[in-house]
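Heads up: the structure comes next, in structure tokens.
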Amino acid sequence: MAEIRLERLHKAFADFVAVDDVNLTVEAGQFFVLLGPSGCGKTTTLRMIAGLELPTSGTVWLDGHDVTTLRPAKRDIAFVFQLFALYPHMNVRRNIAYPLRSQGLPSAEIRRRVEETARILRIEHLLDQPIGRLAGGDRQRVALGRALVRHPKCFLMDEPLGTLDTAFRELMCEELRDLHDRLGATTVYVTHDQIEAIAMADRIAVMHKGVVLQVDPPAEIYHRPRSLFVAQFIGSPAMNFLDCEGRLGRGADQVRVAGTTAQVPALHEDAPQDRLVFGVRPEHVRLDDAAGLRGRVYGVEYMGSRQILTVDTEAGRLRVRAANTARAEIGDQVGLAFDPANVVLFDPHSEAALQSALIGRAGHG
Ligand SMILES: Nc1ncnc2c1ncn2[C@@H]1O[C@H](COP(=O)(O)OP(=O)(O)OP(=O)(O)O)[C@@H](O)[C@H]1O
Ligand SMILES: [Mg+2]
């Protein structure tokens, strides 16, 4: 187990900044996810932790030691890529044993560690199979095995489930998390898939354009996004955003949405007083005939356990997660109600959430 700390880590390719002064700490034993859209700098960050890429500036600390310029082999970190390269002419046993052979360990010890690794990954029965005959998921396990067998201080994984189909990804997600809980090695896991991130992470760092926007546990990221980008990137269907006006004076706890008044958590006097963005997740919108905010049902998507209604209001289009028993048809007029505690307001200019400006809540500035 090891703590990884990135201090003002910066990487530019010519004049393009791929990673922009990133600061973050991955605590020993944590399952930490780097999440963000394609091109946001996840792989580059991971490669700098591994020592495969030299930062332009900044420091990589591993258990309090500056390893910024240390060769990868000296870092005791194992790396699992999306397109992992197994040796096709070797069987499973020899593939897993490979890193230990190159370290020159005695063969009895290699045998013991390979068998232990195969047991953990439940691939003991495949040890003598040629790689070419394995299914995708089993190859993935062998690739993991080659990382595990080294007993490294940390694992870095770059979209290791990227090529698998959905059902298998879900299974492997659970297995990886379970494996992590048994071994407890610090893990940094890169993905652009928010569902994977939320399901697996102890903490998530959301990246966008080389910048880390928020680092928090999944529930905090989900319920208290600090910016519009994080709010819209996390959650499926995504958070709804409506135009609203907050010109109601200091300590106000009401805003105007589509000509009606909506209760929101009280705003601090520093909050912008005019146009705001009103954010609410689909599961936090209720159909309520008595509600002031009205809309017309534009779409109904029946999903078995629930249905997703799309409703057009004067302030914008909104998705509502309704019970599967709710009776709503396309064209119906409906009322929409919210619990103020579940509303997040954003400044449309800075795109920052105004939670930090709310009265009576812990600061998130
Ligand atoms: N060697 C390089 N030379 C020039 N630009 C690079 C190099 N490596 C990465 N980049 C650029 O840096 C940015 C970040 O790349 P990176 O691979 O870290 O993104 P990512 O978040 O891993 O994306 P993806 O989800 O697509 O894998 C991209 O715009 C990429 O084109
Ligand atoms: Mg990448």
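Can you tell me which residues in the range 276-313 are touching a residue at least 60 places away in the same chain (Cβ under 8 Å), under 26 Å from the mean Cα position of the chain (by Cα) and within 17 Å of VAL255 (Cα to Cα)? Those that are touching a residue at least 60 places away in the same chain (Cβ under 8 Å), under 26 Å from the mean Cα position of the chain (by Cα) and within 17 Å of VAL255 (Cα to Cα): VAL277, PHE278, GLY279, VAL280.
Of the set (1) outside any loop (DSSP other than H, G, I, E, B); (2) within 32 Å of the chain's Cα centre (by Cα), all apply to ILE110 but (2).
Number of residues in the range 128-173 that are within 16 Å of ligand 2 (Cβ to nearest atom) and either outside the structural domain of GLU196 (by TED's automatic domain parsing) or assigned to a loop (DSSP other than H, G, I, E, B) (or both) equals 5. Over 15 Å from ARG122 (Cβ atoms) and of a type in the set (D, E, K, R): is that true of GLU174 in this structure? So GLU174 does not fit the description; no. Applying a threshold of 9 Å to beta carbon distances and a minimum spacing of six or more residues, or different chains, the list of pairs starting in the range 3-28 at a residue that is without any contact (Cβ under 8 Å) to a residue 24 or more places away in the chain and ending at one that is acidic (Asp, Glu) reads THR25/GLU3.
Within the range 1-31, track down each residue that is within 16 Å of ligand 2 (Cβ to nearest atom) and either small (Gly, Ala, Ser) or under 23 Å from GLY184 (Cα atoms) (or both). Result: ALA18, single match. Counting the residues of the range 9-55 that are of a type in the set (S, T, N, Q) and either within 12 Å of ligand 1 (Cβ to nearest atom) or not assigned by TED's automatic domain parsing to the domain that holds THR187 (or both) gives 4.
The values are calculated or read from the model by the stated rules, or taken from the named source; none is laboratory data. Quantities reported herein were computed from a predicted structural model and do not represent experimental measurements. Counting neighbours? That spans all protein chains shown, and the Cβs are built from the backbone with ideal geometry, glycine included.
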